[in-house]
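Participant: Supplied in structure tokens, the structure appears directly below.
The values are calculated or read from the model by the stated rules, or taken from the named source; none is laboratory data. Model, not experiment: these values are computed from the prediction. Note: ideal-geometry Cβ built from the backbone for every residue, glycine included; neighbour counts use all protein chains shown. The protein model used for the area step is the full one, side chains on, heavy atoms only, and it has no ligands, DNA or RNA in it. Shrake-Rupley method; radii C 1.70, N 1.55, O 1.52, S 1.80 Å.
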Amino acid sequence: MFLSSLRSFYIKIDLTYSIINFHSMSRNGIWAFIVIVVLVVGGIIYFNNRAKNNSTTSNNTTSTNQTFTPPTGSNVVVYTDSGFSPSTLTVAKGTTVIFFNNASDAVRVASDPHPLHNGYPTTGGCVSSTFDACANTAPGSQFDFKFDISGTWGFHNHLNPSEKGTIVVQP
Ligand SMILES: [Cu+2]
């Protein structure tokens, strides 16, 4: 009687111990699982953010190399990094010519000759002729000038006088 109750006591202890042991093992398993989940989710978020930052950086790079859309028409001269295009433009008297800056640097269109700026025969400009932007035209901007006098009028980029062009104004 005593022996059998002792045996059942031991069995109980053994059972309880193995239950605790089993629980603690599965608890470790749960912790390991949680740690793995946290690492995996954290890793995904980290690499996602890195990918996002990389794409933001490349977007910024794209926006620095901004290109503009010059106006089109028979009265447009576009300034590019390689000079004025077309280099000679023929227009009718009274036409307003658009000098559009599609280059990466500023430009200042002015009447030849440099530095007198008195070829186009009007006075009242900042140097002499009114055919003078008198200020830098930033990339993406334009300078407009109305040609009321017929003739062949040379102009240049006052910031880089070797860059030249010609407007032929027909009567
Ligand atoms: Cu000049």
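Participant: Residue by residue through the stretch 153-171, note down the ones that are within 12 Å of the ligand (Cβ to nearest atom) and of a type in the set (A, V, I, L, M, F, W, C). Talk me through it step by step, then tell me what you get.
Facilitator: Within the stretch 153-171, the subset within 12 Å of the ligand (Cβ to nearest atom) is 154-164.
Listed by number, the residues that qualify are Phe155, Leu159.
Participant: Just to verify a result, which residue in the stretch 131-152, among those that are within 14 Å of the ligand (Cβ to nearest atom) and closer than 19 Å to Gly94 by Cβ, is least open to solvent (accessible area, probe 1.4 Å)?
Facilitator: Filtering the stretch 131-152 for residues that are within 14 Å of the ligand (Cβ to nearest atom) and closer than 19 Å to Gly94 by Cβ, the one least open to solvent (accessible area, probe 1.4 Å) comes out as Phe131.
Participant: Based on what the data block shows, is Val76 within 16 Å of the ligand (Cβ to nearest atom) and under 19 Å from Ser141 (Cα atoms)? Step through it out loud before you land on a result.
Facilitator: Details: within 16 Å of the ligand (Cβ to nearest atom): no; under 19 Å from Ser141 (Cα atoms): yes.
Considered against the rule, which asks whether it is within 16 Å of the ligand (Cβ to nearest atom) and under 19 Å from Ser141 (Cα atoms), Val76 comes out as no.
Participant: Something else about it: Among the residues of the stretch 93-121, how many are farther than 13 Å from Gly154 by Cα, away from the ligand (no atom under 16 Å from the Cβ) and in a loop (DSSP other than H, G, I, E, B)?
Facilitator: Residues meeting the conditions: 5.
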